[in-house]
């Protein structure tokens, strides 16, 4: 079995210590992955710091050109990369192709944004003593960025870290999730082929627990960008000190369905939002609050639509839902569903795992303090709850420690704006599911859902420092 190496300073480095990477669906070993140690992390950070001297003076058109080269190479290798994602993450192949399409768009946005990093002039004479002075700002890159990425979008969420970092002139030490290193290593190969200077991208594989302190506490690191659990995100923020930090930490996304919503049109979309990639999406639709006048009809339609989904091998073109990322997670969600059932919730569909595959599961009569409601399931489980008044539904959505994306279906513009103002979240999606995301829109949460914003333009701002300059023009 081939040993996958670390990517340090533009070269591949093997390690004696490795771990076996298993397919989430079949359990087969698909590769052996090199395990970095603290010395490798230090070497990578030092190499990134050295490469920063080149990146920070590289003109914007050149940074843009490199990113456009990546776009072209991704187009050429789309199917190869999609199959890797299906193998290592258990993502259905059609869904994996969709992720690569989004990744291509993300790097395209980054290439464009590299040429749009603007400053502004400041009217210095707006204050006494500011006469005969010119004031202006520009944005400068930070330096070495540590990027820690999750398993669920192993290509696109990496792009949301690498794209803006390189657009701004930074360098990156990337630590991919232990389950999904293969796609990150292929991306490193693509960036090298695209002309990125050696050392500007380092890829460190291995144990997050072993490597995290070395990655986030090194004084040469100027920013940490992390996507993952709230627990780990809070730990990173506590250790990062005065470094810049972006944390995207998940949610238990809620949706409100008003009585005027066209159920025949929205139910298929809701099913997609709840069960795409086995619900292992930060903004997966987890809680649905439906007006009591249409509740029974909605539940019936939702369950019937869910029954149409096909579970199976992620490489099968017909598969809609496949294995969860590992057996431990499958067992966890099964225990949560059983616990909810024992506490009074009704299992309207699903609820019993088949090996590492957990079927699409619909729960009714769910109470707000059940784990399946108040915590992040990160699984193909959705709760449907009735409400009578809109403010009641808004209160139930807000009664959560999370606030990433939430949504409402309504044809009443006053209700839509009222909900948008009252809902406590980083994003409010009107007339679509909370799982909706485009890669250039601002994306991030409040409360335990995170800190800072992604979306290429907004991430570039978070990966640069504002510098102010003033000139006295007359003596």
For this session: Determine, yes or no, whether residue 414 is touching a strand residue (DSSP E or B) at 6+ places or on another chain (Cβ under 9 Å) and either under 29 Å from residue 295 (Cα atoms) or assigned by TED's automatic domain parsing to the domain that holds residue 303 (or both).
Result: no
Seminar exercise, completed: Going through (1) in contact with a strand residue (DSSP E or B) (Cβ under 6 Å, 6 or more places away or on another chain); (2) farther than 28 Å from residue 428 by Cα one by one, residue 295 fails only at (2)
For this session: Please note which helices (runs of 4 or more DSSP H) are completely contained in the range 374-475 and include at least 2 residues that are within 27 Å of residue 360 (Cα to Cα).
Result: 390-398
For this session: Taking only the range 3-14 into account, find how many residues are over 27 Å from the mean Cα position of the chain (by Cα) and either at pLDDT below 95 or under 23 Å from residue 314 (Cα atoms) (or both).
Result: 2
Exercise. Since residue 233 meets every condition but one in (1) in contact with a helix residue (DSSP H, G or I) (Cβ under 9 Å, 6 or more places away or on another chain); (2) surrounded by 21 or more Cβ atoms within 10 Å (Cβ to Cβ), which condition does it not meet?
Worked result: (1)
Exercise. Any idea which of (1) part of a loop (DSSP other than H, G, I, E, B); (2) over 30 Å from residue 23 (Cβ atoms); (3) touching a helix residue (DSSP H, G or I) at 6+ places or on another chain (Cβ under 7 Å) is the one residue 317 doesn't satisfy?
Worked result: (2)
For this session: Sort through 39, 51, 82 and tell me the only one that's crowded, with 17+ Cβ neighbours inside 10 Å, in the same structural domain as residue 192 (by TED's automatic domain parsing), free of Cβ contacts under 8 Å to residues at least 40 places away in the same chain and in a helix (DSSP H, G or I).
Result: 82
Exercise. With respect to residue 45, is the statement that it is touching a strand residue (DSSP E or B) at 6+ places or on another chain (Cβ under 9 Å), part of a loop (DSSP other than H, G, I, E, B) and assigned by TED's automatic domain parsing to the domain that holds residue 7 true?
Worked result: no
Problem set entry | Matching entry among 379, 348, 323 (being touching a residue at least 24 places away in the same chain (Cβ under 8 Å), crowded, with 16+ Cβ neighbours inside 10 Å and out of contact with any helix residue (DSSP H, G or I) (no Cβ under 7 Å at 6 or more places or on another chain)) | 323
Exercise. Could you count how many residues in the range 185-200 are part of a helix (DSSP H, G or I) and closer than 20 Å to residue 459 by Cα?
Worked result: 2
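The values are calculated or read from the model by the stated rules, or taken from the named source; none is laboratory data. In this text the structure is predicted, and so the values were computed from the model without any measurement. Note that each Cβ is placed from the backbone with ideal geometry, even for glycine, and that neighbours are counted across all protein chains shown.
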